[in-house]
Structure formats: structure tokens, C-alpha cells
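Reading through the C-alpha cells given below for one structure.
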Amino acid sequence: MSVTSKPFVTDAIGQLGGNAVRLLHIDTSIKTTGSLSREMSAAAVERLKREAPDIAVHYRDLAAHPLGDLTERVFAAHAKGADIGDLDPAELSDLAESGKVLAEFLTSEVIVMGVAFYNFTVPSSLKAWIDRICVAGKTFSYSASGVIGLARGKRVIVLLARGGIYGEGSPNGRNEHAETYLRSVFSVIGIDNLEVIVAEGVDISPELRAAALESAMGSIETLAA
Ligand SMILES: Cc1cc2nc3c(=O)[nH]c(=O)nc-3n(C[C@H](O)[C@H](O)[C@H](O)COP(=O)(O)O)c2cc1C
């Protein structure tokens, strides 16, 4: 996998310079070779860069650098945006990383996510990332009429690789909790128009894998810039 990463400042919201569109590229597969979601997400980034070469890409590999499960004390500090006073060094480091994750998300206009389908849903590393970006007052707020999404206007492209077949109408369709989950959770923070490209049945046979990848790559090619 080749991924070019043009780092941008991520430790404080609003410190990014320049007018280039900022793209956050995330991967989640535990596979370091032969991962279809990684191959597809890299292809999607390359596709967008072809149209907008000065796009600023920041890469985060959640499998290589997992965030870990959110704890009560780090959650409290992260939600407040500051040290709550008695965090130990490990918690402080988690808090700092959580802040970076949130800032990367908030300051990116486009998010491209390679998602591996594990046990009917997203990898736990992605769930841990989602736990850092869903923050009241930052990406959503409560109102008398319900939750209001504050992250509107971002473009989120999901490249999902599933070993079996879960598409609409298939016998296993009711066990699909990755695309459905991502649509729900991003909708809560104001992003309703998730673009999802799926390669499925990829572990059933080499023929199905090749056909699924070819079809997904065709869809990636048609992504609007
Ligand atoms: C831990 C683990 C759990 C998986 N669970 C499922 C599953 O529930 N359903 C399925 O169809 N495929 C499952 N698979 C297969 C993956 O969805 C498939 O290999 C996919 O290509 C993974 O993405 P990747 O190629 O980017 O690694 C699982 C694979 C792993 C490693």
C-alpha cells in the first residue's frame, strides 16, 4: 500500500494554514498486506487527488495505532476539552491523542475511511475513534426537539470490505451493522449523505473477490472530485 501523507497541524482546532481542502484518510483493517479496504481507500484518495492535486491529506491508521477504549475519566476530560485535574500520565497521553483525533476530524472537509467488516460491524478501533469524535458541544448538541448535528457540510466516503454477502435482500442482510451503524452515527452529528462503496463476498472465492474489487474500483473512479 502506498499512501502519501502531507501532515498538517492537528493539535489545535483552527491552526491549519492555507486554503487547500483538507482530507482525513483513515484505515482500520488489521491486515498489513492484502487488505481490500486499504486498497480501496488509497484508490479513493488518489482519485480525489487527481482532480485536486493540492488537497492536504492526513493519514491515520487506526489498526497500527489503536486508540483504546474510552475510560470514564478521559471521557470527562475530553468532553470538557481540558485536564480535569488528577489524570495520570497514561490518561493525559490518551486525552492529548483524543484531542488530536477530534481536531483532525473537525478541521477536515473530506473524510475517507477504509473499513473492514468484522463480526457483523466495524472494527473496534473505528468504534474507539468514533467515541472520540462524538462530543457534545463539538459535533452535536442537545435541544428540546432532539439532537442537533454540528458537523454538517463534511463529505464522508466509506470504503467497506465484507467477506460474505450482506447486501439488501440477501439472507444475511439483517446482520449488516457496519454501513447501517455508520449511517446512523454520522447522521447524529449532521452528516446524512455518507458515500458508501462496498466490496462484498470477497472471502467466498477468488472469482467473487476479483469481481467485487473491480466493481468497487469502478465506483471509486466515478467519485465526484
Ligand atoms: C476478525 C475478523 C472478523 C470478520 N468477521 C466477518 C464477518 O462477520 N462477516 C464477514 O462477512 N466477513 C468477516 N470477516 C472477513 C472480512 O470482512 C474480509 O476479509 C474483509 O476483506 C476485511 O477487510 P480487509 O480486506 O480490508 O482486511 C472477518 C475478518 C476478520 C479478520
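No value in this document is a laboratory result; all are computed from the given coordinates. Nothing here was measured: the structure is a model prediction, and the numbers come from that model. Cβ placement follows ideal geometry from the backbone for every residue including glycine, while neighbour counts extend to all protein chains displayed.
In degrees between 0 and 90, to the nearest 10, how far off the longest principal axis of the chain does helix 89-106 point, with axes built from Cα atoms? Roughly 60 degrees, rounded to the nearest 10. With all projection directions averaged, the alpha carbon convex hull of the chain covers 13.5 nm². In summary, the aspartates and glutamates within cross-link reach of residue 80, defined as a Cα separation below 15 angstrom excluding same-chain residues under 8 places away, comprise 72, 91, 94, 97, 131. Spacing of the modelled spin labels on residue 82 and residue 204, each 7 Å from Cα toward Cβ, amounts to 5.6 nm. With kT/(6 pi eta Rh) evaluated at 25 °C and eta = 0.890 mPa s, and Rh the Kirkwood radius from Cα pairs, segment 96-225 diffuses with a coefficient of 155 µm²/s according to Stokes-Einstein.
Full extension of the chain between residue 19 and residue 91 gives 22.5 nm of extra length, using 0.36 nm per residue less the Cα-Cα distance. Relative to its residue count, segment 13-139 spans a Cα convex hull of 118 Å³ per residue. Basic side chains Lys and Arg get +1 at the Cβ, acidic Asp and Glu get -1 at the Cβ, and with that the dipole of the chain about its Cα centre reaches some 380 debye.
Value of Rg to Rh for segment 157-225, rounded to two decimals, is 1.00; Kirkwood radius and Rg both from alpha-carbon coordinates.
So, counting K/R as plus one and D/E as minus one, what does the shell of residues with Cβ under 13 Å around residue 202 add up to? It works out to a net charge of -1.
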